[in-house]
Amino acid sequence: MGLQHSTYKAYGFEIPTTTDFDALDKVLAEQPDADRLARVTHQYLGDFEHLFLLAICEEIEANTFARLAPDDLDRHMRPIWETALHNMAVRLGHAAHPEPAWLVLHDHS
């Protein structure tokens, strides 16, 4: 068994890994506001040590870099992403979630 490294630039927040996987799949499949707001995805790190809800998730290829520019921080879509993320977290029973933020996620599994 080999190890795999993946790195992502993402916007979202962590939710508990005790989240019901079937509920997560169902809620992510049923996103009635996805076209109007944003399609929320999820990402695990490691062997399910961390779980994130994400509005944006862009893989950073190995031996490259990604710039986090002022335009990223001030994107006009951020309020829309935050609404979509919050709605999904509430549907999963996590209304008291962390504030969304730009994240660098390094998965080593």
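The values are calculated or read from the model by the stated rules, or taken from the named source; none is laboratory data. Remember, it's a predicted structure, so these values are computed and weren't measured experimentally. We place every Cβ from the backbone using ideal geometry, glycine too, and count neighbours over all the protein chains shown.
Residue check: ALA69 meets all listed conditions (1) of a type outside the set (Asp, Glu); (2) surrounded by 10 or more Cβ atoms within 10 Å (Cβ to Cβ); (3) within 18 Å of PRO100 (Cα to Cα) but one, namely (2).
Apart from one condition, ASP33 fits all of (1) under 11 Å from the mean Cα position of the chain (by Cα); (2) surrounded by 14 or more Cβ atoms within 10 Å (Cβ to Cβ); (3) acidic (Asp, Glu); the exception is (1).
One residue is enough: does region 5-19 have a residue meeting the conditions touching a Leu at 6+ places or on another chain (Cβ under 6 Å) and loosely packed, with under 15 Cβ neighbours inside 10 Å? Scanning region 5-19, I find at least one residue that is touching a Leu at 6+ places or on another chain (Cβ under 6 Å) and loosely packed, with under 15 Cβ neighbours inside 10 Å, so the answer is yes. For the criterion of being at pLDDT below 90, within 29 Å of GLN4 (Cα to Cα) and touching a helix residue (DSSP H, G or I) at 6+ places or on another chain (Cβ under 6 Å), ALA38 passes. Considering region 94-109, and only residues there that are in contact (Cβ under 8 Å) with a residue 24 or more places away in the chain and farther than 12 Å from LYS9 by Cα, the residue that is surrounded by the most Cβ atoms within 10 Å (Cβ to Cβ) turns out to be PRO100.
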